[in-house]
1. Could you please let me know if Arg238 is within 22 Å of Phe64 (Cα to Cα), over 13 Å from the mean Cα position of the chain (by Cα) and assigned to a loop (DSSP other than H, G, I, E, B)?
2. Got a number for residues in region 259-275 being of a type in the set (S, T, N, Q) and part of a loop (DSSP other than H, G, I, E, B)?
3. Using beta carbons and a limit of 9 Å, which pairs, at least six apart or on different chains, have the first residue in region 128-149 and acidic (Asp, Glu) and the second one surrounded by 22 or more Cβ atoms within 10 Å (Cβ to Cβ) and not in a helix (DSSP H, G or I)?
4. Does region 144-162 hold any residues that are at pLDDT 90 or above and either aromatic (Phe, Trp, Tyr) or surrounded by 21 or more Cβ atoms within 10 Å (Cβ to Cβ) (or both), and which are they?
5. What is the residue count in region 241-259 for residues that are closer than 13 Å to Asp165 by Cα and within 18 Å of the chain's Cα centre (by Cα)?
6. Would you mind stating whether Trp266 is aromatic (Phe, Trp, Tyr) and under 17 Å from the mean Cα position of the chain (by Cα)?
7. Give the residue, chosen from Val171, Val254, that is closer than 27 Å to Gly152 by Cα and part of a helix (DSSP H, G or I).
8. Which numbered condition trips up Glu271, out of (1) touching a helix residue (DSSP H, G or I) at 6+ places or on another chain (Cβ under 8 Å); (2) over 19 Å from Val128 (Cβ atoms); (3) surrounded by 15 or more Cβ atoms within 10 Å (Cβ to Cβ)?
Amino acid sequence: MREIALFHQLPAASPDRMPPVRKSQMATVATSQPRRQQAAAGAYDRMFYSGMAIAMAVIVFIGFARTYYLSAYFGTHGTIGGGPFSTIIRVHAMLFTTWVLLFTAQTSLVATHRVAIHRRLGVAVGVVAAMMIVVGTATALDLARRGGAPPGVDPLAFLAIPLGDMAVFSVLIATALYLRRKKEAHKRLMLMAYTAILAAAVARFPGVLPLGPLWFFGLTFLPILAFCITYDLVTRRRVHPAYLWGGALLILSVPVRLMISSTPTWHRLAEMFVGK
């Protein structure tokens with residue numbers, strides 16, 4: 001009984017005497033939950049972006065199989081307009097193939113958690129992208145100079161299509177590299193930059209080219225944007241701004257190019273570009 005009495009006489013622990021919680025512990029608790037939520041939201045990102053890279057590589061191979069990759073098998077050794085391959089076109093094809101391989105490698109490195117190698121290889125991606133812009137522009141001018149265009153299309157008017165590709169690709173790739181430390185924006189903009197130059201492959205699918213630019217751009221941009229936006233909505237419940245303004249740039253560039261290409265001003269500029 002004496003022990004019980006002594007126990008009841010002990011002072012109760014008051015809130016003032018509780019051991020203080022350090023601010024660093026509170027900050028850790030406060031920040032750990034958003035990080036866990038972000039990690040859960042991006043749990044399938046590696047699979048998604050690697051899958052998109054492989055799918056896009058397959059599209060490039062199928063699109064250019066007849067005219068380039070398997071031209072020896074099909075017996076076709078010419079451009080979209082039927083002309084022979086020039087040196088600049090071969091360099092152009094080599095650079096764009098290198099881009100496809102690098103993009104696939106980069107997504108695979110992230111998927112396998114080899115981020116340090118991914119960052120080092122990013123320097124090569126930047127160099128190849130810069131060379132693609134220069135050589136891609138030179139290739140478009142070379143084809144226009146030699147009359148290269150789909151059958152029945154004015155080569156000078158058609159020049160607005162590949163030059164527009166290079167302009168949109170330049171904006172997207174430059175922004176993606178600038179935001180390389182913000183991985184959520186960076187990886188989406190890299191995917192949008194790749195999409196900007198993918199229409200050339202889709203246009204070479206059987207029966208697509210005669211349908212015109214609205215179709216081969218639409219068959220490229222709309223499905224990819226639909227996949228990307230749907231994935232964001234499912235995993236994040238919102239669409240990342242990079243898809244919104246990057247997708248808007250892709251889509252709006254098409255009617256702008258088509259409107260510009262038919263104007264006398266563009267025709268005079270194109271003549272100046274190709275040296276006529």
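The values are calculated or read from the model by the stated rules, or taken from the named source; none is laboratory data. These numbers were taken from a predicted model, which means no experiment stands behind them. Ideal geometry is used to build each Cβ from the backbone, glycine not excepted, and the neighbour counts take in all protein chains shown.
1. Working: within 22 Å of Phe64 (Cα to Cα): no; over 13 Å from the mean Cα position of the chain (by Cα): yes; assigned to a loop (DSSP other than H, G, I, E, B): yes.
No; evaluated as a whole, the condition is false for this residue.
2. So the answer is 2.
3. Asp142/Gly148
4. Within region 144-162, Ala144, Leu156, Phe158, Leu159, Ala160, Ile161, Pro162 meet the criteria.
5. 6
6. Working: aromatic (Phe, Trp, Tyr): yes; under 17 Å from the mean Cα position of the chain (by Cα): no.
In short, no.
7. Within the list Val171, Val254, the selection yields Val254.
8. The single condition Glu271 does not satisfy is (3).
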